[in-house]
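So the structure is just underneath, and the comments pick up after that.
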Amino acid sequence: AQSVAQPEDQVNVAEGNPLTVKCTYSVSGNPYLFWYVQYPNRGLQFLLKYITGDNLVKGSYGFEAEFNKSQTSFHLKKPSALVSDSALYFCAVRDSGTASKLTFGTGTRLQVTL
Amino acid sequence: NAGVTQTPKFQVLKTGQSMTLQCAQDMNHEYMSWYRQDPGMGLRLIHYSVGAGITDQGEVPNGYNVSRSTTEDFPLRLLSAAPSQTSVYFCASSYVGGPDSPLHFGNGTRLTVT
């Protein structure tokens, strides 16, 4: 069975500092990895995905994520955080052999302060 | 372009009542799914469908029914509501052509069962 772990319930960062939101995964085949963001009272919005190729993936709003196969990790990063980045972030994984089911982590709340 | 539309936004039910949560998408997506979001548990898959006439269970299907008579609509039925079904429900859709297709989410239905 596939699974995702987001070890931090909350990450606090000062505006202008770099941020990292951690994610590790487990799948039986090759992983397809995703990051989503959720703002209050809204659905999830797609940020970026890793399918194959370069381990550093760039996405929306200046976010990027680094895929590490040996550590089975897919950490979300941004060089300089903004207050408007404060939201709930979800990592998700889909096995390459499973066309439909997407498994989500429990989410990490990012709080960016001035 | 409306994307994924969920109705109603809010609903309060008494234990034992039944209701249907509506979901419609206008992107011609083959794949549609229902998730519930609970604090500390992330998103859990209830049911999903890979096309009209085809549905399957996710990880938490008990107490819910679905049907898919058209490509556009994927209603979720609560047969006899229980307090444990108090949650925020999200409908999501995507192309089914490949496992790298990101999900598009509706804005959710907040359900309270008393």
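Neighbour counts of other Cβ atoms within 10 Å put A:R94, A:R109 in the fewest-to-most order A:R109, A:R94. Overall, chain B carries a charge dipole of about 480 debye about its Cα centre when +1 sits on the Cβ of Lys and Arg and -1 on the Cβ of Asp and Glu, all other atoms neutral.
Lysine pair count for the protein assembly as shown (Cα-Cα distance under 30 Å; residues 8 or more apart in sequence or on different chains): 22.
Relative to the Cα centre, the charge distribution of the stretch B:16-71, modelled as +1 at Lys and Arg Cβ and -1 at Asp and Glu Cβ, gives a dipole magnitude of about 100 debye.
Taking Cβ atoms as reference points and 14 Å as the exclusive limit, the residues near A:V57 contribute a net charge of +1, counting Lys and Arg as +1 and Asp and Glu as -1. Only Lys, Arg, Asp and Glu carry charge here, each on its Cβ (+1 for the first two, -1 for the last two); on that basis the stretch A:30-114 has a dipole of about 140 debye about its Cα centre.
Normalised by the number of residues in the stretch B:1-48, the mean separation of alpha-carbon contacts (under 8 Å, six or more apart) gives a relative contact order of 32 percent. Working from Cα pairs under 8 Å separated by at least six residues, relative contact order for chain A is 38 percent. Each of A:Q45, A:F34, B:Q17 was placed along the dipole of the protein assembly as shown (beta-carbon charges, centred on the mean Cα), and the one lying farthest toward the positive end is B:Q17.
Between the stretch B:44-61 and the stretch A:49-114, the alpha-carbon centres lie 25 Å apart.
Given contacts defined as C-alpha pairs under 8 Å and at least six residues apart, what's the relative contact order of chain B, whole-number percent? For chain B, the relative contact order is 35 percent.
Computed from the coordinates by the stated procedures, all read-outs in this text should not be read as laboratory data. Treat the numbers as computed from the prediction; the structure is a model and nothing was measured. All Cβ positions, glycine included, derive from the backbone under ideal geometry; neighbour counts span all protein chains shown.
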